[in-house]
Amino acid sequence: MQLRPTAVALAAALALSPTALPLAGVASANSAAPSSSARMTPPSATEGPDTEALRAAIAGLPDHDATAALIRVGGKGSWRGVAGVRDVRTGAPALDNARFRAGSVTKVVTAAIVLQLAAEGRISLDGTVQQYLPGLLTEDFEPVTVRQLLNYTSGLQPGASLGETVEEGYAHRFETLTPRQVVAASVAKGPEFAPGMQQDYSNIHYTVLGMLIEKITGDSYAHQAAVRIFRPLGMRETSFPNGSDPRIHGPHNRGYDWIDGRLVDVTDWNMSDRWAAGDMISTTADLERLLVALFRGRVVPGPQLKEMFTLPDVPGARYGAGLERFELTGRVIWGKTGSRPGYATVIAATRDLSRTLVYSVNATDAKGDGAAVAQRFGFPAFNR
């Protein structure tokens with residue numbers, strides 16, 4: 001891909017200001033063939049994905065809202081699309097095998113490990129945090145079960161954070177918060193509500209589950225994820241950072257976010273405070289393997305797998321164990337979203353796998369409400 005003269009000037013300016021750059025001068029990704037591509041296997045006209053809408057979704061990248069997109073649609077008919085740039089400074093085309101921060105999609109892996117342990121009889125979903133992690137919660141807390149952690153009904157309040165927004169967190173992006181620090185801050189606030197009374201999505205539940213996994217197995221969470229999930233499924237490009245390492249190793253498209261009116265490179269960021277709730281690095285191909293194998297019962301045995309597709313009996317519940325329930329165009333979809341600065345991720349499928357979706361979008365407001373990204377890149381996979 002060739003850069004317009006204005007973009008060349010911006011790239012030169014970037015050498016003097018390496019973290020902030022305007023996007024307006026960068027040429028469109030689909031102005032050159034290597035930057036934007038799509039592949040599909042022809043399904044029937046009524047069963048296959050809306051390929052026209054999918055092509056439209058990735059057309060024109062990079063733009064104000066995203067610098068790259070990787071999309072994989074499967075089931076009855078398949079479609080693959082990649083568009084945008086790997087680096088807005090150089091205009092190099094986006095990599096279709098890029099690794100990225102998968103954010104809260106990590107929770108699917110955490111839930112699967114916990115449910116495997118339950119299937120092995122090493123824990124009970126009705127067992128309590130007080131039983132398995134004695135001393136972690138104070139006497140202010142009523143018994144909190146493992147199931148309540150899995151479906152976000154524990155009553156725990158959010159833990160410590162280095163910033164609630166990208167803008168707040170950017171200055172602290174190389175600092176570290178340990179899981180114990182995160183949980184200690186939550187415990188100090190006391191319970192938000194009695195366990196099992198309502199559902200409140202928060203990372204804190206899965207941080208505690210990560211600690212539970214380590215306590216029960218006597219092993220690190222990352223190693224358990226590798227030996228139980230990644231290796232058996234052939235997820236060779238999926239891993240967790242080594243401690244506080246802020247880099248994405250291997251091929252990746254850089255992530256950006258608008259901060260104070262400037263497009264800032266936010267690729268390098270220590271995500272250790274997200275840990276078992278959101279620290280995973282993966283690829284769309286690997287996440288598709290995870291999604292299909294999970295729904296087919298190859299990751300979690302059937303009796304425990306039901307937990308992932310069961311909503312708690314509380315008002316407005318949308319989450320089972322690790323998965324969220326959506327309704328779109330008259331069909332029920334189960335999946336998980338994830339977002340980290342510069343990266344928005346989704347895995348989603350119908351229960352029978354007649355339609356699957358995995359995408360990674362280098363969204364410039366990945367930590368926003370996500371509605372615009374989902375409507376543009378996700379909905380076309382399920383709109384017929």
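The values are calculated or read from the model by the stated rules, or taken from the named source; none is laboratory data. Note that the coordinates shown come from a computational prediction; the quantities given were computed from them, not determined experimentally. Virtual Cβ from ideal backbone geometry, glycine too; neighbours counted across all protein chains shown.
Just a few scattered comments:
- Listed by first and then second residue, the pairs linking a residue in segment 272-294 that is modelled with pLDDT under 95 to a residue that is part of a loop (DSSP other than H, G, I, E, B), with Cβ atoms under 6 Å apart and 6 or more places separating them unless they lie on different chains, are Ser272/Thr176; Ser272/Ser244; Asp273/Leu177.
- Checked against the criterion of being aliphatic (A, V, I, L, M), assigned to a helix (DSSP H, G or I) and either on the phi < 0 side of the Ramachandran plot or surrounded by 15 or more Cβ atoms within 10 Å (Cβ to Cβ) (or both), segment 194-201 contains not a single residue that satisfies it.
- Gly255 satisfies every condition listed in (1) small (Gly, Ala, Ser); (2) closer than 28 Å to Val166 by Cα; (3) out of contact with any strand residue (DSSP E or B) (no Cβ under 7 Å at 6 or more places or on another chain); (4) in contact (Cβ under 8 Å) with a residue 60 or more places away in the chain except (3).
- Among (1) outside any strand (DSSP E or B); (2) more than 18 Å from the chain's Cα centre (by Cα); (3) surrounded by fewer than 23 Cβ atoms within 10 Å (Cβ to Cβ) - the single one Val114 does not satisfy: (3)
- Looking only at segment 260-287, and only at residues there that are of a type outside the set (Phe, Trp, Tyr) and part of a helix (DSSP H, G or I), the one that is surrounded by the most Cβ atoms within 10 Å (Cβ to Cβ): Ala276
- Val187 touching a residue at least 60 places away in the same chain (Cβ under 8 Å), aliphatic (A, V, I, L, M) and either in a helix (DSSP H, G or I) or closer than 14 Å to Arg274 by Cβ (or both): no
- Residues of segment 46-61 satisfying the condition of being outside any loop (DSSP other than H, G, I, E, B), free of Cβ contacts under 8 Å to residues at least 60 places away in the same chain and either in contact with a strand residue (DSSP E or B) (Cβ under 9 Å, 6 or more places away or on another chain) or buried (at least 24 other Cβ atoms within 10 Å of the Cβ) (or both): Thr51, Arg55
- Of all residues making up segment 62-86, the number that are in a strand (DSSP E or B) and farther than 19 Å from Ile333 by Cβ: 12
- Just one of the numbered conditions (1) part of a loop (DSSP other than H, G, I, E, B); (2) within 17 Å of the chain's Cα centre (by Cα); (3) of a type outside the set (Ser, Thr, Tyr); (4) over 15 Å from Arg86 (Cα atoms) is not true of Gly297: (2).
- Residues in segment 120-141 that are in contact with a helix residue (DSSP H, G or I) (Cβ under 9 Å, 6 or more places away or on another chain) and surrounded by 15 or more Cβ atoms within 10 Å (Cβ to Cβ): Ile123, Leu125, Gly127, Thr128, Val129, Tyr132, Leu133, Leu136, Leu137, Phe141.
- Residue within segment 219-228 that is farther than 20 Å from Ala102 by Cβ, of a type in the set (S, T, N, Q), assigned to a helix (DSSP H, G or I) and touching a residue at least 60 places away in the same chain (Cβ under 8 Å) present: no
- The set of residues from segment 66-104 being in contact with a helix residue (DSSP H, G or I) (Cβ under 8 Å, 6 or more places away or on another chain) and surrounded by fewer than 17 Cβ atoms within 10 Å (Cβ to Cβ) comprises Thr90, Asn97.
- Residue check for Leu353: touching a helix residue (DSSP H, G or I) at 6+ places or on another chain (Cβ under 8 Å) and over 16 Å from Ile71 (Cβ atoms): yes
- The residue of segment 329-384 that is nearest to the chain's Cα centre (by Cα), among those that are farther than 23 Å from Val85 by Cα, aliphatic (A, V, I, L, M) and not in a loop (DSSP other than H, G, I, E, B), is Ala348.
- Looking across segment 154-184, the residues that are part of a loop (DSSP other than H, G, I, E, B), under 18 Å from Phe141 (Cβ atoms) and among the aliphatic types (A, V, I, L, M) come down to Leu156, Ala160.
Residue-wise test of (1) surrounded by fewer than 18 Cβ atoms within 10 Å (Cβ to Cβ); (2) of a type outside the set (Phe, Trp, Tyr); (3) in contact with a strand residue (DSSP E or B) (Cβ under 6 Å, 6 or more places away or on another chain).
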| residue | (1), (2), (3) |
| --- | --- |
| Pro301 | yes, yes, no |
| Leu311 | yes, yes, no |
| Phe326 | yes, no, yes |
| Thr337 | no, yes, yes |
| Thr345 | no, yes, yes |
| Asp352 | yes, yes, no |
| Arg355 | no, yes, yes |
| Ser360 | no, yes, yes |
| Ala374 | no, yes, no |
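- Test result for Ile248, over 19 Å from Asn151 (Cα atoms), β-branched (Val, Ile, Thr) and buried (at least 19 other Cβ atoms within 10 Å of the Cβ): yes
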